[in-house]
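Take a look at the structure set out below.
Since every read-out is calculated from the coordinates, none of them should be taken as a lab result. What you see is a predicted model; the values in this text were computed from it and never measured. Cβ sites come from the backbone with ideal geometry, for glycine too, and all protein chains shown count toward neighbours.
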Amino acid sequence: MLRIHHTIIITLLFSVFHLEGGDTVQESSSGGIPIAIIRMSKICCPGEMVTFDGWASIDIGGEVTAWHWTLDCSGCPDTVVDMGELTIRAPLKSQSYLILLQVTDNDNRVSVPDSAVLHVMEDRPKVTVGPDLTVQTGTRVLFEPEAFCHCGSIVSFEWDLDGDGIFEYDSPKNGNTSKAYFRPGKYRARFRAKNSYGTDAGGLRTIVVTRELPR
């Protein structure tokens, strides 16, 4: 049985690469259907310039002459270039986008699509404001929030320390501040951080002020 399998394989290989009389099979000038290859997916911030690399696309025996990029998942190429890379400005909406590439060779044969993902990161700041507190009247409470964002930078740190809806503290450097509470009550201190993209995020810290601390 093993010998039969070897005979079949040898016969098939001989049939593929030779014609009767020992002539080598010659492929067409294009060498077959071209192959589209996008090197890698991309992660970026909203509105950032990003380049996709399709130079690895090949056509054995022929030549790739055009790169057809589909950027809107419609299935119809919307950008055709005569070189293997494409630079675009990323969308402003944070989500993942499917990028498709097809290539055409010098015999006008079109490849099947290759795909990559453009992931546009969330631009909203991430904030932490610290724990809720119960303090005695006259206590000065420290506020030391943390705020960061993957895209852009934090440009404004704001506090409404007594919960009246007015952000009396505003700094471009950080959100570190303090306030002494003299009247008993429950105060909802609101923090807000804004970034260079114009988006903001906030947090809430509850301060309970009593005449005497619970025993």
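The HN-Hα couplings worked out from phi for the stretch 161-177 by the Karplus form 6.51 cos²θ - 1.76 cosθ + 1.60 (θ = phi - 60°) are 7, 10, x, 8, x, 10, 8, 7, 10, 8, 9, x, 9, 6, x, 7, 7 Hz, whole numbers, x standing for Gly and Pro. For Thr134, the residues whose amide H sits under 5 Å from its own are Val208, ignoring neighbours fewer than 5 places away on the same chain, with H placed 1.01 Å from N. Listed by chain and number, the aspartates and glutamates whose alpha-carbon sits under 18 Å from that of Lys42, ignoring those within fewer than 8 places in the same chain, are Asp53, Asp72, Glu85, Asp114, Glu122, Asp123. Label-to-label distance for Leu98 and Thr210 is 5.9 nm, based on points extended 7 Å past Cα in the beta-carbon direction. Each Lys and Arg contributes +1 and each Asp and Glu -1, all at the Cβ; summed about the Cα centre of the stretch 126-210, the dipole is approximately 140 debye.
All C-alpha pair distances within the stretch 28-120, sorted into 5 Å bins from zero, spread as 3, 15, 26, 23, 15, 9, 5, 3, 1, 0 percent across the bins.
Please compare each pair in Lys126/Lys194; Lys126/Lys186; Lys93/Lys194; Lys93/Lys173; Lys173/Lys194 to a cut-off of 19 Å on the Cα-Cα distance and tell me which ones are over it.
The answer is Lys126/Lys186; Lys93/Lys173.
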